[in-house]
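The values are calculated or read from the model by the stated rules, or taken from the named source; none is laboratory data. If you're wondering where the values come from, they're calculated on a predicted model, not measured in any experiment. Here the Cβ is made from the backbone with ideal geometry for all residues, glycine too, and neighbour counts use every protein chain on show.
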Amino acid sequence: MNREMLMLVDAIAREKNVERDLVFAAVESALAQATKKLFEGDVDIRVALDRDSGDYETFRRWLVVPDEAGLQNPDAEEMLMDAKDRLADVEEGEYIEEGIPSLPIGRIGAMAAKQVILQKIRDAEREMLLTDFLARGEKIFVGTVKRMDKGDMIVESGRVEGRLRRSEMIPIALRPSS
């Protein structure tokens, strides 16, 4: 899986014009979501994907909470006094991790992973478009009219598409031809 994973990440990053690290984070999140389905309760799973080899490790983790607060989510939290028994130098707010077997990606895992990856990439694309649009500031917007929709004009400029409302348009006076 490792070479194929690296090739897939590179292809998605180039095609969607997003950073490679963002695609890696999406893959890690997708693998964690798929692994969560194997456990009862609301567990916290972290997947670490090696950026060079494509291998990945899976960890179950618990948030260390103060003893006075008690456990709000016993599947994903551990009290400080119990955590100190496992790790002497742990502090509250940190995580205790335990390695677990990595999930082999089957058909269902791949489908779940695909959905998470696509959603993360869509979010990143939207963020890039918004940043690009906001960077233009108060400059004149030049674009091509794509279509009319209920009197509003849909204008495209590069990868950005905008709606110009009828109330914001300047009426055009047509001159009679002679």
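Using the structure shown, decide if residue 59 is farther than 17 Å from residue 9 by Cβ and among the aromatic types (Phe, Trp, Tyr).
yes
Suppose the filter is within 24 Å of residue 124 (Cβ to Cβ) and at pLDDT below 80; does residue 28 pass it?
no
Here's the yes/no breakdown for (1) farther than 30 Å from residue 159 by Cα; (2) outside the structural domain of residue 122 (by TED's automatic domain parsing); (3) surrounded by 12 or more Cβ atoms within 10 Å (Cβ to Cβ):
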{"position": "18", "(1), (2), (3)": "no, no, yes"}
{"position": "28", "(1), (2), (3)": "no, no, yes"}
{"position": "39", "(1), (2), (3)": "yes, no, yes"}
{"position": "43", "(1), (2), (3)": "yes, no, yes"}
{"position": "51", "(1), (2), (3)": "no, no, no"}
{"position": "65", "(1), (2), (3)": "yes, no, yes"}
{"position": "90", "(1), (2), (3)": "yes, no, yes"}
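Residues in segment 106-157 that are modelled with pLDDT under 80 and of a type in the set (Val, Ile, Thr): how many?
Selection size over segment 106-157: 4.
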